[in-house]
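Engineer: The structure that follows is given in the form of structure tokens.
The values are calculated or read from the model by the stated rules, or taken from the named source; none is laboratory data. Keep in mind that what you see is a predicted model, and the values were worked out from it rather than measured. Backbone-built Cβ (ideal geometry, glycine too); neighbour counts: all protein chains shown.
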Amino acid sequence: MALTPILNLPVHRQVLGVDVESLAPTQGFGTDAYDVANVNGVLHVENPEEQKVRLVYPFPTEDAHAEVRVVSTDERKPFKKPSGKDAQFVPLLQALGEIPADEEPVLETIKEETKDFLVADVEIPAGEQVIRVFARQQLRPLDEAGRSFEVVFFAPLAGFILAPDNDAKMSVSVAFPPEWAADGMKIDEPTITAVPGQPAPETKVEGPKEIGGRPIYGALWRRDPKVTIPYIYE
């Protein structure tokens with residue numbers, strides 16, 4: 001039986017670090033240039049029973065470079081281009097708020113939304129487990145000049161939900177390069193979008209705070225939002 005993307009693996013604790021690399025200036029900007037966000041996630045999940053699950057990384061990555069590791073078994077699986085029909089992602093897209101849950105999805109919309117999706121099928125033992133996720137997320141330009149970008153991620157990662165207890169927490173930090181390593185980069189205000197069925201997080205994204213010359217943003221949450229941090233090169 002073919003696996004479908006998991007939607008609700010409970011997370012008790014998550015630490016997510018995002019490290020942005022400025023590459024577009026050295027590539028001459030333009031539509032083919034890109035930056036990279038190195039995404040490192042450590043998730044303490046509660047798996048109700050031993051099972052093989054399909055995890056999804058819903059963003060483009062550099063050379064499909066993304067991996068998941070189950071610490072207790074040291075099983076490592078790369079995220080790869082999925083097989084099967086695009087319709088397998090419809091429940092996940094609806095859960096993330098990327099397409100309306102109360103409308104029949106259009107095939108072309110699904111294809112466009114999922115064209116960069118990667119999946120990893122991994123066996124997770126029962127009980128509390130530590131899952132590590134790493135990806136070199138590709139940040140593609142939003143304009144033809146190749147100077148407008150945004151960092152986008154879900155917290156927790158796609159397919160996970162915060163466990164329904166008062167101790168569930170997640171810490172997120174996003175580090176941008178220092179000014180001398182990203183000439184002309186101007187960072188705009190982060191925006192938070194609540195996913196369907198979840199209220200907005202209690203706190204906003206903090207920052208930027210300069211450490212070692214780097215602008216760093218961070219947040220401690222008990223809700224699972226979508227976070228967008230836009231920036232441009234002037």
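Engineer: Would you confirm, using the coordinates I've provided, whether I211 is at pLDDT 75 or above, closer than 18 Å to Q137 by Cβ and not small (G, A, S)? Don't jump to the end; show me each part of the working.
Structural biologist: Values: at pLDDT 75 or above: yes; closer than 18 Å to Q137 by Cβ: no; not small (G, A, S): yes.
So I211 fails the test.
Engineer: Out of (1) surrounded by 13 or more Cβ atoms within 10 Å (Cβ to Cβ); (2) at positive phi; (3) at pLDDT below 90, what's the single condition that is false for R13?
Structural biologist: Answer for R13: the failing condition is (2).
Engineer: Next question. I'm told F89 meets every condition in (1) assigned to a loop (DSSP other than H, G, I, E, B); (2) under 20 Å from F160 (Cβ atoms) except one. Can you identify the failing condition by its number?
Structural biologist: (1)
Engineer: Please go through (1) in contact with a Leu (Cβ under 6 Å, 6 or more places away or on another chain); (2) within 18 Å of V18 (Cβ to Cβ); (3) surrounded by 18 or more Cβ atoms within 10 Å (Cβ to Cβ) for S171 and return the number of the only condition it doesn't satisfy.
Structural biologist: Failed condition: (3).
Engineer: Of F154, F160, F134, which residue is under 30 Å from L23 (Cβ atoms), in contact (Cβ under 8 Å) with a residue 40 or more places away in the chain, in contact with a Lys or Arg (Cβ under 6 Å, 6 or more places away or on another chain) and not hydroxyl-bearing (S, T, Y)?
Structural biologist: Details: F160 fails: in contact with a Lys or Arg (Cβ under 6 Å, 6 or more places away or on another chain); F134 fails: in contact with a Lys or Arg (Cβ under 6 Å, 6 or more places away or on another chain).
Being under 30 Å from L23 (Cβ atoms), in contact (Cβ under 8 Å) with a residue 40 or more places away in the chain, in contact with a Lys or Arg (Cβ under 6 Å, 6 or more places away or on another chain) and not hydroxyl-bearing (S, T, Y) holds for just one of F154, F160, F134, which is F154.
Engineer: Name the single residue, out of those in the stretch 17-55 being among the polar types (S, T, N, Q) and more than 17 Å from the chain's Cα centre (by Cα), that is surrounded by the fewest Cβ atoms within 10 Å (Cβ to Cβ).
Structural biologist: Step one: filter the stretch 17-55 for residues among the polar types (S, T, N, Q), giving 22, 26-27, 31, 38, 40, 47, 51.
When the remaining residues are screened for being more than 17 Å from the chain's Cα centre (by Cα), the result is 22, 26-27, 31, 47, 51.
Details: S22: 20, T26: 8, Q27: 12, T31: 11, N47: 17, Q51: 14.
This residue is T26.
Engineer: Provide a single number: the residues in the stretch 70-93 that are touching a residue at least 24 places away in the same chain (Cβ under 8 Å) and surrounded by 18 or more Cβ atoms within 10 Å (Cβ to Cβ).
Structural biologist: 7
Engineer: Can I ask one more? What is the one condition in (1) over 17 Å from the mean Cα position of the chain (by Cα); (2) modelled with pLDDT under 80; (3) within 22 Å of L93 (Cα to Cα) that D167 does not satisfy?
Structural biologist: D167 satisfies all of (1) over 17 Å from the mean Cα position of the chain (by Cα); (2) modelled with pLDDT under 80; (3) within 22 Å of L93 (Cα to Cα) except (3).
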